[in-house]
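Taking it in order: structure first as structure tokens, then the write-up.
The values are calculated or read from the model by the stated rules, or taken from the named source; none is laboratory data. Please read these numbers as outputs of a predicted model, since none were measured by experiment. Methodologically, a virtual Cβ is constructed for each residue, glycine included, from the backbone with ideal geometry; neighbour enumeration extends over all protein chains shown. We work out accessible area using only protein heavy atoms, side chains counted, and drop any ligands, DNA or RNA first. Shrake-Rupley method; radii C 1.70, N 1.55, O 1.52, S 1.80 Å.
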Amino acid sequence: MTMLLKLTAVESRLMLRDVAWLFTLGVPLFVMLGFGLPFALSPGGPPPEAVSGIESLVVTAVTIALGLVGLYMVPTALAAYREKAILRRLSTTPARPAALLAVQLLLQLVLAVVSLVLLVGTAALLLGTGLPERPAALLGVHLLGAAGTFAIGLLIAAVAPTAQAANGIGVLLYFPLAFLSGLMLPREQMPAALAAVGEFTPLGAFRSAAEAAWTGADQQVLPLVIMAGYAVAVGAAAVRFFRWE
Amino acid sequence: MATVVQVERLHKRYGERTVLDSVSFGVEDGEIFGVLGPNGAGKTTAVECLSGLRRPDGGTVRVLGLDPRTERDRLRRVLGVQLQESRLADRMRVGEALDLYASFYSEPADWRELMELVGLADRRDTPYAKLSGGQKQRLSIALALIGRPRVAILDEITTGLDPQARRDAWELIEAVRAGGVTIVLVTHFMEEAERLCDRVALFDAGRVAAVDTPAGLVGRSAARQRVVFRPSAPFEDRLLTELPEVAELVRTGARVEVAGSGELLHAVTAALARHQVVAGDLRVHHPTLDDAFVALTGRRLGTEQESPR
């Protein structure tokens, strides 16, 4: 038990000493405020027709953050631990390399949730969005979305030969997934076929479900099933292909 | 003395390639045992089988009576392993790493004392990436010892180190052994094996060519000492080749090289002196483990510091 606590403490400090977490929290915040503040600061508050657009912007920012953690932070961190043979060294001690993996995934999840709270709180304070209609549902959807994207990150870490390769694959995968899920271009302006495909990406499914939780609209089952499907299927593939050394 | 590591007819293949072919050796309690051979001889694979990192294709391995495959959990608590390629996170600090690894064991060594022993007390808050090569190796050795193991496997600890750092590492190993830890030292550096090891298993192309003390290996190989000099005046070969100590005489230009055994130097200089010949630029070469390796395997061991990194 002391071992797990100590491992978590040390890994947290290591994560904080690298600026990547700042980047992960900062980029979505910057996007949200950059696009949202001009509306929020217009005299007399945001025009009523802009409010739903700002809410959608917050969900977009949360989705960007989830994508950054899952597709960039997770695979790079795990592949580095394998590349440096740290997992291998641990396997010669009474600590298991699986313990380090679990602690890392937990910390990345904490980072994603911190980002969610930061974005929602900032939006409520500075953009005048108010709080989500169903906060608990939003958190639930977020955890499910994290499971789906982390599974992809884990699979990248499993197949990438080096940390640098993992980083490259993560970035390569991030942009098309972000585009398809409507993070770069509103879905209404995308070709119908692409927008439809986007619904089946983990980030696109997350975005739809998160939007429903925010606005209080009826929660569709399909996006939840899609996220769970990624978590289970891709997660199983990651476990199957993961190499400790 | 009790045998703490027993390896019998160990076989390992990677695909079609046989990496270990019927390897057998035993390590006694409290000794520094060298696993010596050129790169690619199978040394690392052999110790990976000892630490349970690889599954042998045949043969038996026992470390402190434990089977590394089936009793790996128990083995992890009594065996310290320093892997050749293993690093730490760049931003992990020396004290942090020792404290963390100590928490893996139920009765760890005092990590502050260990930090002192490996000479890193003044580097406690230095991040791993800022350590020199020698400091990284000493930290890695400390991590292998933090659980108070009875046996420690150290793989290529001085590869890539400068001569001073290498000597520091050697002194550290001797201090650790003095503390009662049995050490299995993997090296392709014969000077290291000659200096540190009580006994050595000479690996060659996946086989053990011989197991003996360094001096025993040299003696067994019948490698000869050589005396090289420039004579001050001409003399006939017969003058030296008739001496019982001399086996061979070779002239290269003005240089004369005599190979033989026993009191070779004394016999040669005395014979020359009787004929008023002075041996200038006189040098004596004693056979080394390197010579023994050549004699036993027909191959050169090489002292090149080829880093696998």
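So the values come out like this:
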read-out: Residue, least open to solvent (accessible area, probe 1.4 Å), within segment A:119-157, restricted to residues that are among the polar types (S, T, N, Q) and within 21 Å of A:Leu109 (Cβ to Cβ); value: A:Thr149
read-out: Members of segment B:25-59 found to be in a strand (DSSP E or B) and surrounded by 15 or more Cβ atoms within 10 Å (Cβ to Cβ), listed by number; value: B:Phe25, B:Gly26, B:Val27, B:Ile32, B:Phe33, B:Gly34, B:Val35, B:Leu36, B:Gly59
read-out: Residues of segment B:60-77 that turn out to be of a type in the set (Val, Ile, Thr) and either buried (at least 17 other Cβ atoms within 10 Å of the Cβ) or within 12 Å of chain A (Cβ to nearest Cβ) (or both), as a count; value: 2
read-out: Answer residue from segment B:159-195, given it is in a loop (DSSP other than H, G, I, E, B) and closer than 27 Å to B:Ala2 by Cβ and is least open to solvent (accessible area, probe 1.4 Å) among those; value: B:Val181
read-out: Residues of segment A:85-120 classified as free of Cβ contacts under 8 Å to residues at least 12 places away in the same chain, out of contact with any helix residue (DSSP H, G or I) (no Cβ under 8 Å at 6 or more places or on another chain) and over 21 Å from A:Val27 (Cβ atoms), total; value: 2
read-out: Residue ID - nearest to the other protein chains (Cβ to nearest Cβ), chosen from residues in segment A:1-44 that are exposed (fewer than 14 other Cβ atoms within 10 Å of the Cβ) and among the polar types (S, T, N, Q); value: A:Thr2
read-out: Flag for B:Gly95 being farther than 18 Å from A:Val10 by Cα, open to solvent by less than 20 Å² (accessible area, probe 1.4 Å) and outside any loop (DSSP other than H, G, I, E, B); value: no
read-out: Test: residue in segment B:135-145 that is on the phi < 0 side of the Ramachandran plot, part of a loop (DSSP other than H, G, I, E, B) and either surrounded by 17 or more Cβ atoms within 10 Å (Cβ to Cβ) or more than 14 Å from every other protein chain (Cβ to nearest Cβ) (or both); value: no
read-out: Residues of segment A:57-92 that turn out to be at pLDDT 95 or above and either part of a loop (DSSP other than H, G, I, E, B) or within 13 Å of chain B (Cβ to nearest Cβ) (or both), as a count; value: 0
read-out: B:Pro108 within 21 Å of B:Ile157 (Cα to Cα), open to solvent by 10 Å² or more (accessible area, probe 1.4 Å) and in a loop (DSSP other than H, G, I, E, B); value: no
read-out: Sole exception among (1) more than 14 Å from chain A (Cβ to nearest Cβ); (2) closer than 29 Å to B:Ala46 by Cβ; (3) assigned to a helix (DSSP H, G or I) for B:Met115, by number; value: (2)
read-out: Inter-residue pairs, beta-carbon under 6 Å, first under 20 Å from B:Gly40 (Cα atoms) and in segment B:149-173, second basic (Lys, Arg), 6+ apart; value: B:Thr158/B:Arg166
read-out: Count of residues meeting criterion [among the hydrophobic types (A, V, I, L, M, F, W, C) and in a strand (DSSP E or B)] in segment B:205-256; value: 12
read-out: Some residue of segment A:67-82 being free of Cβ contacts under 8 Å to residues at least 24 places away in the same chain, surrounded by fewer than 19 Cβ atoms within 10 Å (Cβ to Cβ) and either within 26 Å of A:Gly168 (Cα to Cα) or of a type in the set (Val, Ile, Thr) (or both); value: no
read-out: Filtered residues of segment B:2-53 (kept if under 20 Å from the mean Cα position of the chain (by Cα) and aromatic (Phe, Trp, Tyr)); value: B:Phe25, B:Phe33
read-out: Considering residues of segment B:253-268 that are over 26 Å from B:Ala215 (Cα atoms) and at pLDDT 90 or above only, the residue least open to solvent (accessible area, probe 1.4 Å); value: B:Val256
read-out: Any hit, segment A:94-115, residues being within 14 Å of another protein chain (Cβ to nearest Cβ), under 30 Å from B:Leu79 (Cα atoms), in contact with a Lys or Arg (Cβ under 6 Å, 6 or more places away or on another chain) and of a type outside the set (Phe, Trp, Tyr); value: yes
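Every residue, every condition in (1) within 14 Å of chain B (Cβ to nearest Cβ); (2) open to solvent by 70 Å² or more (accessible area, probe 1.4 Å); (3) in contact (Cβ under 8 Å) with a residue 12 or more places away in the chain, yes or no:
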{"position": "A:Thr201", "(1), (2), (3)": "no, no, yes"}
{"position": "A:Thr215", "(1), (2), (3)": "no, yes, yes"}
{"position": "A:Ile226", "(1), (2), (3)": "no, no, yes"}
{"position": "A:Ala236", "(1), (2), (3)": "no, no, no"}
